[in-house]
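A.B. asks: Submitted below is the structure of interest, expressed as C-alpha cells.
Read the figures in this text as sums done on the coordinates, not as results from a lab. Source: prediction; values computed, not measured. As a convention, Cβ positions derive from the backbone with ideal geometry for all residues, glycine included, and neighbour counts pool all protein chains shown.
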Amino acid sequence: MYLIDQIYINGQFVTPHGAEMFDLVNPTTGQLAGQVRLGDAEDTRRAIAAARAAFPAFARTGKAERGAMLQRLHDAVLARADEAAAALVEEYGGPLNTSMARSRYTANMFLDVKKVMDDHAFEKTVNTARVKLEPVGVVGIITPWNSSAWFVANKVATAIAAGCTVVVKPSELSARQNQILTEAFHAAALPPGVVNIVNGRGDVVGAELSTHPDITKISFTGSTPVGKQIARLGVDTMKRVTLELGGKSANVILDDADFARAIPTAVAACYMNNGQACIAGTRLLVPAHRLDEVKALAKTAAEAVVVGDPQQAAVSLGPVVTHKQYERVQRYIAIGIEEGAELVTGGLGKPQGLEAGYFIKPTVFAGVTPAMTIAREEIFGPVLSIMSYETEEEAIAIANDTPYGLQAYVSSTDLARASRVADQLVAGRVHINGIHDDLIAPFGGFKQSGIGREFGPYGLEAYLEPKAILGEAAQYR
C-alpha cells in the first residue's frame with residue numbers, strides 16, 4: 001500500500017497542515033491500494049501566497065523563456081509516461097493500451113501549447129490603439145478524476161504560456177497520478193511558486209480557490225452542478241472562469257450512412273474511457289425505418305466489447321472509478337427499465353467473473369424517448385440510449401433538445417449533408433464520420449456544458465487580458 005503525504009508549494013514538497021487521510025481504492029479489485037493526506041484551507045492560502053509572489057517576475061518573462069519551460073515540462077512528463085500509465089490503470093481502471101497512449105499524449109500537450117504561444121501575437125494594433133495581451137494573474141485550476149493528468153497538463157501548460165502562475169487542486173481520487181506528474185513538474189525546474197499543487201477536497205481547497213481575492217481566474221473541468229457553485233462563489237471577487245462541464249452528446253446517424261461502420265463507432269463513442277467521458281456520444285439518433293437493423297448492430301458491437309482487468313491488453317472496458325459511481329450507473333439502468341426503455345443488452349449487476357471490482361455490463365437501451373431520464377441526464381457510464389426519428393429536421397431537434405451542448409457526432413456518406421446538419425447542432429464540437437482528434441481546435445460547451453474554451457489560441461486567450469494603450473500615435477503626428 002502506498003502513502004502520499006506531501007503537497008507542492010513554492011517549488012518544494014511539504015507536509016500539509018491538513019491531517020485528513022483519504023483512502024484510495026483500486027476499482028478493479030475493490031481493495032484498498034493507498035492513502036493520501038489532504039490539504040486544507042491553510043495549505044491553499046500558502047500556495048496562493050507563493051503563486052502571487054512569483055507572478056510579477058513570471059509575468060515579465062518572454063516567449064523564449066516560457067517556451068524553454070514548456071519544452072522541459074514535455075521532456076520530464078514524457079520520461080515518467082510509463083509510470084503514469086501504470087498509475088492510471090491501477091488507480092482509475094483505464095485500459096492499458098489507451099492509458100499508455102494518454103500518458104504520452106499528456107506530455108505532447110506542452111509542445112502543442114508551445115507552438116500556439118510561439119504563433120500568437122501578444123501585442124497588436126487595433127485602430128489607433130496598441131493592444132497588449134497580459135497574463136490574467138494567479139489561476140486556480142480544479143480538475144476531475146476521469147483524466148486527471150491530461151487536464152492538469154493542458155491547463156498548466158496554457159497558463160505558463162500566458163505568463164500566469166497557478167495553484168492546482170487535482171482530484172483526490174487521482175493522487176498517485178498527481179504525484180507522478182508533480183514530481184515531473186519539479187524535475188522541469190520551474191521558478192518557485194509558478195506551479196503549486198494541493199491535494200484536497202473540493203468543498204475545502206476548491207472553495208478556498210473560488211473565494212480567495214488573490215485568485216484572478218478559475219479553470220475548472222467537472223460536473224455542471226459543481227461548475228455553477230464555483231461561478232457563484234467567484235462572483236464577489238469577479239473571477240474570470242473557464243468551465244468545461246457535463247454533456248449528453250447526440251450521435252446523429254443519417255439514413256445514407258454506412259451503418260456497418262457507423263453503429264460500432266457509435267458504441268465506441270459512448271463507451272470511451274470506461275463510459276466516463278463528458279464527450280461520450282450517449283444518445284444515438286437513428287432513422288425509425290432502420291431501427292431493427294441498428295439494434296442488431298449495436299447489440300453485436302456492445303457484446304463484443306471485452307470487459308475486465310485493464311492490465312490485460314485485450315480489455316477495452318475497465319471498471320468505473322468508485323463504488324459510488326457504480327451505484328450511480330446501476331440506478332440509471334434501473335430507471336431506464338422502469339421508465340419503459342427496451343433493454344437490448346447489458347443491464348443490472350456485474351459481468352460474470354468480475355464481481356470484486358466496479359464493473360458495469362456494456363448496456364444498450366432502445367425505444368428511448370426524449371423525456372426519459374436516461375435521455376436527459378448525464379450517466380457517466382457505459383450506457384447507450386438509442387432514439388429514433390422520422391425526418392432530418394426531427395433528428396436535429398431531438399439532438400438539440402438537451403440542457404447540454406458540449407459535443408455531437410454526425411454520420412453520412414454525403415459530406416455536404418453531414419456538414420449542413422453539423423452546422424445546425426448546438427455543440428462546441430461536432431465530429432463528422434468518426435471520432436477525431438485536434439488539440440489546437442477550441443474545446444468547450446454551449447448552454448450548461450460550460451463557459452469559455454480551452455485548447456489552441458482560444459484557450460490561450462482565456463488566460464490573457466487585453467489592455468488598450470491610446471494616444472501614442474498622436475504624439476508622433
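A.B. asks: What spacing in nm lies between the two simple spin-label points modelled at residue 236 and residue 2, each 7 Å away from Cα in the Cβ direction?
C.D. replies: Label at residue 236, label at residue 2, 3.9 nm between them.
A.B. asks: For a quick size check, give me the Cα extents of segment 250-432 along its three principal axes, largest first, whole Å.
C.D. replies: Over segment 250-432, Cα extents along the principal axes are 48, 33, 31 Å.
A.B. asks: Sticking with this one: Counting pairs of alpha carbon atoms under 8 Å apart in space and at least six apart in sequence, what relative contact order in percent does segment 257-314 give?
C.D. replies: Computed over segment 257-314, the figure is 40 percent.
A.B. asks: Please identify the GluC sites (Glu not before Pro) of segment 312-369 that satisfy two criteria: DSSP loop assignment and at most 12 other Cβ atoms within 10 Å. Which are they?
C.D. replies: For GluC sites (Glu not before Pro) across segment 312-369 that sit outside H, G, I, E and B with at most 12 neighbouring Cβ atoms in 10 Å, the list reads 355.
A.B. asks: For a quick protection proxy, order the peptides 206-214, 414-422 by their average other-Cβ count within 10 Å, most packed first.
C.D. replies: Result, highest mean Cβ count within 10 Å first: 206-214, 414-422.
A.B. asks: Also: Which pairs in the list 447/467; 155/467; 299/361; 295/361; 63/114; 132/447 are over 19 Å apart, alpha-carbon to alpha-carbon? Working shown, then result.
C.D. replies: On the way: 447/467 29 Å; 155/467 23 Å; 299/361 12 Å; 295/361 17 Å; 63/114 9 Å; 132/447 30 Å.
Beyond 19 Å: 447/467; 155/467; 132/447.
A.B. asks: Sticking with this structure for a sec: Out of residues 5 or more away from residue 285 or on other chains, whose amide H comes under 5 Å of its own, with H placed 1.01 Å from N in the peptide plane?
C.D. replies: So residue 285 has HN proximity to 251, 252, 253, 387.
A.B. asks: Tell me whether the chain comes out rounded, prolate or oblate; compute the Cα gyration tensor, take square roots of the eigenvalues as a ≥ b ≥ c, and use a/c under 1.5 as the rounded threshold.
C.D. replies: Oblate, since a/c reaches 1.5 and b/c is not below a/b.
A.B. asks: Still on this structure: Could you work out how far the C-alpha centroid of segment 1-65 sits from that of segment 329-376, in angstrom?
C.D. replies: About 37 Å separates the Cα centre of segment 1-65 from the one of segment 329-376.
A.B. asks: Over segment 250-432, what is the percentage of antiparallel beta bridges among all DSSP beta bridges, to the nearest 5?
C.D. replies: 15 percent
A.B. asks: Setting aside same-chain residues fewer than 8 positions from residue 239, which aspartates and glutamates have a Cα under 14 Å from its Cα?
C.D. replies: Cα-Cα hits under 14 Å: 208, 214, 465.
A.B. asks: What is the helix-to-structure angle for 81-92, meaning the angle in degrees between its Cα long axis and the longest Cα principal axis of the chain, kept from 0 to 90 and rounded to the nearest 10?
C.D. replies: 50 degrees
A.B. asks: Can you give the FRET efficiency for residue 397 and residue 258, using 1/(1 + (r/R0)^6), R0 = 22 Å, r = Cβ-Cβ distance, to the nearest 0.05?
C.D. replies: In this case the efficiency is close to 0.35.
A.B. asks: How high is the relative contact order of the chain? Use alpha-carbon pairs under 8 Å, at least six apart in sequence, and give a whole percent.
C.D. replies: Answer for the chain is 18 percent.
A.B. asks: Would you mind calculating the gained length between residue 17 and residue 97 on full extension (0.36 nm times residue separation, minus the Cα-Cα distance), in nm to one decimal? Provide the component values of the computation, followed by the final result.
C.D. replies: Working: separation 80, 0.36 × 80 = 28.80 nm, distance 3.82 nm.
Stretched fully, the residue 17-residue 97 segment lengthens by 25.0 nm.
A.B. asks: Now for a different question. Applying the Karplus parametrisation 6.51 cos²θ - 1.76 cosθ + 1.60 with θ = phi - 60° to the phi angles of segment 104-113, what ³J(HN,Hα) value in whole Hz is obtained for each residue in order, glycine and proline being reported as x?
C.D. replies: Running phi through 6.51 cos²θ - 1.76 cosθ + 1.60 with θ = phi - 60° gives 6, 4, 4, 5, 5, 4, 5, 6, 4, 5 Hz.
A.B. asks: Right, something else. Please report the antiparallel percentage of the DSSP beta bridges confined to segment 114-249, to the nearest 5. Before the final figure, lay out the partial values.
C.D. replies: On the way: 4 of 21 bridges.
For segment 114-249, the DSSP antiparallel bridge percentage is about 20.
A.B. asks: Can you give the net charge of the other residues whose Cβ lies under 11 Å from the Cβ of residue 254, counting K and R as +1 and D and E as -1?
C.D. replies: Values: positive: 290, 417, 420; negative: 255, 256, 258, 392, 414.
Net charge around residue 254: -2.
A.B. asks: Another question, if that's okay. Once the piece of chain linking residue 268 and residue 31 is laid out straight, how much longer is it, given 0.36 nm per residue of separation minus the C-alpha distance between them?
C.D. replies: My answer for the length gained is 82.5 nm.
A.B. asks: I would also like to ask the following. What does DSSP give for the chain in terms of the percent of beta bridges that are antiparallel, rounded to the nearest 5?
C.D. replies: 40 percent
A.B. asks: What does the net charge come to around residue 26 if you take all other residues with beta carbon closer than 14 Å to its beta carbon, with K and R at +1 and D and E at -1?
C.D. replies: Value of the local net charge: -3.
A.B. asks: OK, next. Provide, as a two-decimal number, the C-alpha radius of gyration of segment 206-291 over 2.2 N^0.38 Å, N being how many residues it has. Walk me through the numbers before you get to the answer.
C.D. replies: Numbers: Rg = 18.9 Å, N = 86, 2.2 N^0.38 = 12.0 Å.
That ratio works out to 1.58.
A.B. asks: Another question, if that's okay. Okay, helix-only estimate at 222 nm for the chain: each DSSP H run of n ≥ 4 adds -39500 (n - 2.57), divide by all residues, round to 500 deg cm²/dmol; what do you get?
C.D. replies: It lands at -12500 deg cm²/dmol.
A.B. asks: Can I ask one more? Check the straight Cα-Cα distances from residue 248 and name the aspartates and glutamates below 20 Å, setting aside those fewer than 8 residues away within the same chain.
C.D. replies: Hits, sequence-local ones excluded: 327, 339, 342, 377, 378, 392, 393, 394, 401, 423, 437, 454.
A.B. asks: Further question: Please report, to two decimal places, log10 I(q)/I(0) for segment 71-194 at q = 0.14, 0.17 Å⁻¹ as given by the Debye formula with identical point scatterers on the Cα atoms and no solvent.
C.D. replies: Scattering profile of segment 71-194, log10 relative to I(0): -0.61, -0.84.
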